[in-house]
Amino acid sequence: MKDNVVIIDGSSLLYRAFYAMPLLTDSQGRYTNAVYGFLNMLLKLYEQLDPEYIAVAFDKDKHTFRNDMYAEYKATRKPAPDELRPQFALIRETLQCLGICVLELEGYEGDDIIGTLARELEKQNLSIDIVTGDRDALQLVDDDVTVHLTKKGITNMLAVTPDVMQAEYGYTPAQVIDMKALMGDTADNIPGVPGVGEKTALKLITQFQSVAGVYEHVDEVSGKKLKEKLVDHKDEAFLSKSLATIRCDVPLTYSLSEFVPQPREEDVAELFHSLGFKNLLERFAALGQFSHIARQAAPQAELVFLDPAAWQPERLAGQSVAVAMVCDPAVPVPELKQLALAVPDGVLRVPEDQLTAYMKGLTQCRQVITADGKTLLKVLSAYAPPQLPLEDTTLAAYLLDPTRTAYGLTYLSEKFAVPFTDNPDQPAATRLAHEAAFLSALWPQAEAALKKLGLDSLYKTIEVPLLHTLAVMEMNGFTIDRQKLEDMEQDLSRQADVLEEAIYDDAGEVFNVNSTKQLGTILFQKLGLPVIKKTKTGYSTDSAVLDELADKHPIIPKILQFRALKKLISTYLEGLEPLISPVTGRIYTSFNQMVTATGRLSSSDPNLQNIPIRTEQGRKIRSLFVPGEGYDYILSGDYSQIELRLLAHLSQDPTMIDGFQKGQDIHRRTASEVFGIPLAEVTPEQRSHAKAVNFGIIYGISDFGLARNISITRQQAKEYIESYFARYSAVHGYMEQLVAEARESGMARTMFGRIRELPEINSKNFTRRSFAERTAMNTPIQGSAADIIKLAMNAVQSELEQRGLKSRLLVQVHDELVLEVPAAEREEIEALLRDKMEHVVTLSVPLTVDIHYGTNWEEAK
C-alpha cells in the first residue's frame, strides 16, 4: 500500500473556516475563528486519512504570472474581511509551531504549488490527497490523486476520484479547464465566452471533447447566436483556458522529509494556550506524529477513589457534591444506569445496589454540581421529590456565551481552563468518576465568570429555578386524542389529493408537485409565468416566489395550499403519532433552555412552538391536544403585546406609556400619531400599517424591509418611520443609545442582566455591522420578554406546589403558558395565573394577560 501525502489549499480552507465559524477572539482581542476552524479540519483529516506526510500551500501575494497574461484576473474579488486578514499570518505561525510544512512562492498561486507537488510526488509512488474548496483542483484528479472538495463548511467533503468525477460532474479531470475556457469563472474574473454557462459548456465539451475540438468543428455547433459568440470570442476562450490551467512546473525546493511534522514543543504549548485552544492542544498531542507535545498539555489530576463500603450515603448531608451519570433517556422519567460522585475527599463509583440510597442522599447536600441539571432532576423523581440545590456548569456556559450550539465537556474544559481528557480506554465507571471530579473543579471557575459579567443574579433567580419547572413540565407531558389524529390525517390527506388533481388539471399533465425541477418546468416553461428567481440548479419555486406569483395563475394558490397541507401531515400528524406513549397516551416534548441566543425557550421531539395557528388547518392541530384523565379543561394565559410594553418601559417614551396606561389599542394609537388623525378615524389598513411599524421598530427594520412587508413604496415606508420617531422621540433616542452602548461594551444586555456578545458591532463590513446593530436594538426587548415569561413559569409552578393543586403546567409557547385543570380548580387557576403573570415584575405600564379555556388547546386560545 502506498504512503500518502495530504496537501492542503491553505488560503481556500482558511476562508471557508472563517465563514463556517462564528467570530471568536482570544484574551488579547485577536480574531481566531478561522484558525480554530482550520485546526479542527486538520484534526479531522488526520482522523480520516492518517497521512504519513502533510504540507499546506498558500498564495504568496495577489500578483502572479496570470496577471501578466490578463490584467483583470481576479480584479473583481473583494478584499478579505478585516477580521480574517490577520488570521493568515496567525495560521502560518500556528502551522510552523506544529512543524507542518508551509509552501508559498512569489508569482504563483497555491494551486500551482499543489499541482506541482501532486505531479512530482506521484512519480515517487505516493498516494496524494488534495484538500480544497476550489473546484479548479479537480483537473489534478487521476488514479493516484484524490481531491477532497469541501461541500459545506469545512468538515463535509466529497472525495473525488476519476469515477466520482464522471458521475458527479459529467466530464473528465482534463476537461475541467475546457469547461472554464468556455463558461469562464466570475470568482476569478476569467472571461470565457459571454453567454455560455455551465449547461451549454458541458453540452459542447461532451460533443467535441475539448475547447480545441469545439473550434475545429465550430461550423457544426447548433444555434446561430451561440456559433457567433464562439467565433467572436475565440481569443478569450483560449486565454481563459490558459488562466484556468494549474501550472505543474513551479520551481519548488523541498525535501519529502520536511513533510513529516516536527512540532516546536514549547512554542506549541505557549501559542495554543494564548489562543485559548487548550483542548485542541490535547487533541493534537494524542496524534502519533505530534505525540512529542503531549507533555506540554496540562495533566489531569490523579483521583482518589473512595471505597463505597466505607462511605455511606448519610455523609452526603451538608456536602458539596459533583454528579456524573449515565441513564437511559426513557420518557417521562430517564432510568439511571451508572452514578459517580465527587465529594471533598475523593470520588465514588456508586454500586448499582446503592443507587437509590445515594440519589436520596443528594437531597441533603448543600450543593449539587452537574452538567445536566434538568435530566438529574427527572432521574431523581424516581427516588425522591425532584428538588436539589443545583449548580449547572452547562447552564453557566450558556449564559456566558448564548450563541453556541453545543456546550460539551470539551468546550467547558476550554472555556474555563480546567483540564479534562476523556480516555475511551478506561472503564466506563472510571471515566464517569473523572467527569465528576472535572465538574467539581470546574464550578468555582464558572461561578467566578458569572459574577465577573454580572450574570449571577440571572443565573440564580431565573435560570436555575427554571430547571425544576422544565423538568416537571417534561414529565407532565400532554395528552393527544389518537382517534381524532388519525381521522384528521385521513381528512387532510383527502384534501391534499383533491388539490393535487386540481393542480394536474391546471397544468394539463401529471407531474411530481414536490419536485422543484418538474414544478419549475410546468410554471415557467409550459405556463409561461414570469421567472422571479433562479438558482444554480434551475428555477426557484420557494414560498417567496410562489407568493409573488399568487395572482398570476390559479395553479399557484393551490400549490401553496397543497404544500401547507403536506407539511401539516408529515410534520405534525405523521410526526406526532409515533411519539404518543402507549402507556399514558401522552407525548413528552423536550424544552431546550440553552439553544436560542435571545434566552427564549425552544421545544423539540415534537416542536410544539411551531404549530401554525394562522391557518384553519394549523389551528386544528392544536385541537388534538386535550386534558388527560382526571382533568377537564386546557387553560391558556397569554401576555398581550409584551414586547411593545417592554419598549415603552425601557425607553420611557411618554406617548407610548400614556397609550398603555389608558388601555388603548396601541396599534390604533400609533396610527393616530403617525398619520396625524383622531383615534376614531383610523382605518383597518392604517392600523395594520402601524402594527407593522410598531413591531418592525423592535427589530430595527429598514424602510426597504417595511416597504416589502406591507406592500408600499420605499419612500412611503421612510416617511412612516420618520413620522414614528418624530412622535415617539424617546423610542428613537433609546434605540440609538442601545447601539452606542453596544459599540462601547461589545455586547447587548437585557433588563435582568442577560448578555449577548456582538463582536461585529464595529465591523467595517456593512452587512455584518448592520446585523449587529439590529441585534443590539432587539436583544434588550426580546431577551427581557423571555426572562419575564421564565419568571412567570417559575412563579406559577411554585404556587401550584405550595397550594397542593392538581392542575399542571404543560407547555410554554412564546408568551403563552398552557395548563390542564380539573373543573373544581378552574376559577382558582385563572386567578393564580393572572396574578403571577401580571405581577411577576413591575413596569411603567401594566402587563396584561389574556386567559381562555376549553376542552382542547384550540378552544383555549
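The values are calculated or read from the model by the stated rules, or taken from the named source; none is laboratory data. All of these numbers come straight from a predicted model, not from anything done at the bench. Cβ placement follows ideal geometry from the backbone for every residue including glycine, while neighbour counts extend to all protein chains displayed.
Of the residues screened, A55 is one that is modelled with pLDDT of 85 or more and not charged (D, E, K, R). Against the criterion of being buried (at least 18 other Cβ atoms within 10 Å of the Cβ), in contact (Cβ under 8 Å) with a residue 24 or more places away in the chain and in contact with an Asp or Glu (Cβ under 6 Å, 6 or more places away or on another chain), A717 does not qualify. Reported count of residues in region 720-740, each being among the charged types (D, E, K, R) and without any contact (Cβ under 8 Å) to a residue 12 or more places away in the chain, is 2. Residue pairs whose Cβ atoms lie under 6 Å apart, separated by 6 or more positions or on different chains, with the first residue in region 528-546 and farther than 18 Å from L560 by Cα and the second not aromatic (F, W, Y), are G538/K517; G538/G520. Counting residues in region 219-226 that are farther than 29 Å from L117 by Cα, buried (at least 18 other Cβ atoms within 10 Å of the Cβ) and not hydroxyl-bearing (S, T, Y) gives one or more.
Answer with yes or no whether L805 is in a loop (DSSP other than H, G, I, E, B) and either touching a residue at least 40 places away in the same chain (Cβ under 8 Å) or more than 23 Å from the chain's Cα centre (by Cα) (or both). So L805 fits the description; yes. Just one residue in the set A597, A648 is outside the structural domain of Q490 (by TED's automatic domain parsing), small (G, A, S) and closer than 30 Å to R727 by Cβ; that residue is A648. Is region 13-22 home to any residue that is closer than 28 Å to A244 by Cβ, out of contact with any Ser or Thr (no Cβ under 8 Å at 6 or more places or on another chain), among the aromatic types (F, W, Y) and modelled with pLDDT of 85 or more? Scanning region 13-22, I find at least one residue that is closer than 28 Å to A244 by Cβ, out of contact with any Ser or Thr (no Cβ under 8 Å at 6 or more places or on another chain), among the aromatic types (F, W, Y) and modelled with pLDDT of 85 or more, so the answer is yes. Going by the structure shown, is F88 among the aromatic types (F, W, Y) and touching a strand residue (DSSP E or B) at 6+ places or on another chain (Cβ under 7 Å)? So F88 fails the test. Of all residues in region 148-186, those that are of a type in the set (V, I, T), out of contact with any Asp or Glu (no Cβ under 8 Å at 6 or more places or on another chain) and within 24 Å of Y19 (Cβ to Cβ) total 4. Within region 26-35, is even one residue buried (at least 20 other Cβ atoms within 10 Å of the Cβ), touching an Asp or Glu at 6+ places or on another chain (Cβ under 9 Å) and within 26 Å of G184 (Cα to Cα)? No.
Within region 576-584, is even one residue among the hydroxyl-bearing types (S, T, Y) and within 16 Å of M488 (Cβ to Cβ)? No, the conditions are met nowhere in region 576-584.
Looking only at residues that are among the small types (G, A, S) and free of Cβ contacts under 8 Å to residues at least 40 places away in the same chain in region 741-769, which one is nearest to A785 (Cα to Cα)? Let's see the steps before the verdict.
Step one: list which residues in region 741-769 are among the small types (G, A, S), which gives 742, 745-746, 748, 753, 763.
From what's left, free of Cβ contacts under 8 Å to residues at least 40 places away in the same chain: 742, 745-746, 748.
On the way: A742: 19, S745: 22, G746: 22, A748: 14 Å.
Only one residue tops the list, namely A748.
Scanning region 731-766 for residues that are in a loop (DSSP other than H, G, I, E, B) and either of a type in the set (A, V, I, L, M, F, W, C) or crowded, with 22+ Cβ neighbours inside 10 Å (or both) gives T750, M751, F752, R754, L758, I761.
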